[in-house]
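Each value in this text was obtained by applying a stated rule to the coordinates, not by laboratory testing. Quantities reported herein were computed from a predicted structural model and do not represent experimental measurements. Note that we place each Cβ from the backbone using ideal geometry, even for glycine, and neighbour counts take in every protein chain shown.
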């Protein structure tokens, strides 16, 4: 008897994900051939404009801005974004909302039947599931976020009408190469000859520009094809015959978000013949864009900051944003990270700002051990002005946050960072609304 999920229509999303995880001996097997083969068998085709976004940092923010602007222009949107913070269905959004599990189940079955004897990784399998779902949805534009690199990422099995390459930094070096030039070249493979590619990194690796020129891509470069500037009150964008002045800053916080916003606007201008966008949609879409976990400040006592920053560049941006928040007597950090990240490198940027560390493991085999995190924090904090920070160990992110809240004063702040799993771990029970015990009114 065949007990595969495809032969059992009662299988849940959790069953399918477990089936996918057990199928391939490797969780990551860099190749595009399997995805292309099965996509052809499935006959996946997009009849609407497709925007593909790659990069080290800023991909998620750029995708969210693209989606928000397009929706406020009246278009129906499909978005593939990853990874999720809590629920897998967050990866597939139609018109700004995560799909229901039931929407994806028929597509899991279709991929299972189409793959035949081909063993797909979980990422390849689920990318095909969501791509098929979006290709069959009633949408006007599809936005696909690359997971890792570009050349061999499953998203690259599909052609884009516009590609976007965001900021490039050192990450996933064991797969993508030892330096920005190597990593940039991997990401540049999402370009297509004769089609626009917006490079929103202000100082892109030379390999990115060289590759784009060699294949005849229509490169949009910062400072040449588009630019932005601003003051404390407002900002403006200009490029290729368009200009938007006096805009409010994006709802996503942090100075680095202007880089992402500028790239998103350029991508939509590059699509203007097929997807016209008016100025009001740009203004409103950026003003109302929402993306949990990107320098997300949750008001309360103490203040709570959620940020999925997990490499040196993104943590440097987080530290700069924290430094600009104003005065807080103490900063408490809830921190968990993957062992394959440059943890000493990212800690160097934020250790001077943190007074108390609450360390935790993450629900992933790649998680760094808490004992290793503690040793790295101690090393990074040597010579820290103000003395060595306090360090505590906890079982998981939720327990770490609870302990931080219990120890914090109302005027303090807590920052949760290091991984999607760290932020997701404190969001499983919903968005925390903090009220430190010390903030309660004293008994009458």
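Once you order the gyration tensor axes a ≥ b ≥ c over the Cα atoms, which shape class does region 178-281 get: rounded for a/c under 1.5, otherwise prolate or oblate by comparing a/b with b/c?
Working: a/c = 2.41, a/b = 1.46, b/c = 1.65.
In terms of gyration-tensor shape, oblate.
With the radius of gyration and the Kirkwood radius both derived from the Cα set of region 15-64, what is their ratio Rg to Rh?
On the way: Rg = 14.7 Å, Rh = 14.1 Å.
Expressed as Rg/Rh, it is 1.04.
Can you give me the relative contact order of region 296-437 as a percent, contacts being Cα pairs under 8 Å and 6 or more apart? Don't skip to the end; give the middle numbers.
Details: 294 pairs, mean separation 54.4, N = 142.
Answer for region 296-437 is 38 percent.
Would you mind computing, in nm to one decimal, how far apart the modelled labels at residue 411 and residue 213 are, each placed 7 Å from Cα along Cα→Cβ?
Label at residue 411, label at residue 213, 5.6 nm between them.
Among 295, 420, 327, which one shows the biggest mean-square fluctuation in a GNM of the chain, springs joining Cα atoms closer than 10 Å?
It is 327.
Which whole-number percentage describes the relative contact order of the chain, with Cα contacts under 8 Å and a sequence gap of 6 or more? Numbers along the way, then the final one.
On the way: 903 pairs, mean separation 66.2, N = 444.
Relative CO of the chain lands at 15 percent.
For region 28-92, with equal point scatterers placed on the C-alpha atoms only and solvent neglected, what are the log10 I(q)/I(0) values from the Debye formula at q = 0.18, 0.21, 0.26, 0.27 1/Å, to two decimals?
Rounded to two decimals, the profile gives -0.93, -1.15, -1.24, -1.24.
Considering only DSSP beta bridges where both residues belong to region 296-437, give the percentage that are antiparallel (nearest 5). Intermediate results must be reported in sequence, preceding the final value.
Working: 4 of 22 bridges.
Around 20 percent antiparallel, to the nearest 5.
Working out 0.36 nm times the residue gap between residue 364 and residue 36, then minus their Cα-Cα distance, what length gain in nm do you get to one decimal? All intermediate terms of the calculation are to be shown ahead of the outcome.
Details: separation 328, 0.36 × 328 = 118.08 nm, distance 2.82 nm.
Gain in length upon complete extension: 115.3 nm.
Using the 2.2 N^0.38 Å rule of thumb for compact globular proteins, work out how the chain stacks up: its C-alpha Rg over that value, please.
Numbers: Rg = 22.1 Å, N = 444, 2.2 N^0.38 = 22.3 Å.
Taking N as the residue count of the chain, the ratio is 0.99.
Which order, highest average first, do 265-272, 179-186 follow once you tally other Cβ atoms within 10 Å for each residue and take the mean per peptide? Could you put the intermediate results ahead of the total?
Values: 265-272: 23.9, 179-186: 19.8.
The densest-packed peptide leads the list: 265-272, 179-186.
Springs between alpha-carbon pairs under 10 angstrom, Gaussian network model over the chain: which of 402, 429, 110 fluctuates most?
Result for the chain, Cα springs under 10 Å: 429 fluctuates most.
Once you sort the root eigenvalues of the Cα gyration tensor of region 296-437 as a ≥ b ≥ c, which label holds: rounded (a/c under 1.5), prolate (a/b larger than b/c) or oblate (the other case)?
Details: a/c = 1.41, a/b = 1.11, b/c = 1.27.
Here region 296-437 falls in the rounded category.
Would you mind getting me the FRET efficiency between residue 429 and residue 103? Use the beta-carbon distance for r and R0 = 22 Å, nearest 0.05.
On the way: r = 25 Å, r/R0 = 1.13.
The value I calculate is 0.30.
What distance in nm separates the two pseudo spin-label positions at residue 179 and residue 372, each 7 Å out from Cα along the beta-carbon direction?
Here the answer is 2.7 nm between the modelled labels.
Between residue 384 and residue 113, what length in nm is gained on full extension when 0.36 nm per residue of separation is reduced by their alpha carbon distance?
Numbers: separation 271, 0.36 × 271 = 97.56 nm, distance 5.80 nm.
That works out to 91.8 nm of additional length.
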